[in-house]
């Protein structure tokens, strides 16, 4: 994520809220996360794999970043286009060798440019076990 800004604004009923927004979001998700157990989508049922849904629907609004100490921060991405349902700033691709998912939310960059080398990696080039 880059250029994260914190905003404080008055909302309805005079409540004050704070939010974080990122100019750009770059994510690599391990193929191990592509299970029906990881799917929290309620309107399509539990038979859709998360990576299939993310490739089909470009509608990520925010990323919930959970830190090792258990705290979290909800960080909004930049929404582009006139649609309420499809973010034109979001591009998604899967590495066919590793099964890892790559997501970019950016006005200036896309997944094919940002992750060009990673999208062509072989299975043995990826070391997810270090992070498990």
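Restricting attention to region 67-96, which residues are over 26 Å from residue 119 (Cβ atoms) and either outside any loop (DSSP other than H, G, I, E, B) or touching a residue at least 40 places away in the same chain (Cβ under 8 Å) (or both)? Passing the criteria: 72, 73, 74. Of the residues that make up region 108-122, is at least one closer than 21 Å to residue 37 by Cα and at pLDDT 95 or above? No, that holds for no residue.
The values are calculated or read from the model by the stated rules, or taken from the named source; none is laboratory data. Since the structure is predicted, the reported quantities are computational estimates derived from the model, not experimental observations. So basically every Cβ, Gly included, is an ideal-geometry build from the backbone, and we count neighbours across all protein chains shown.
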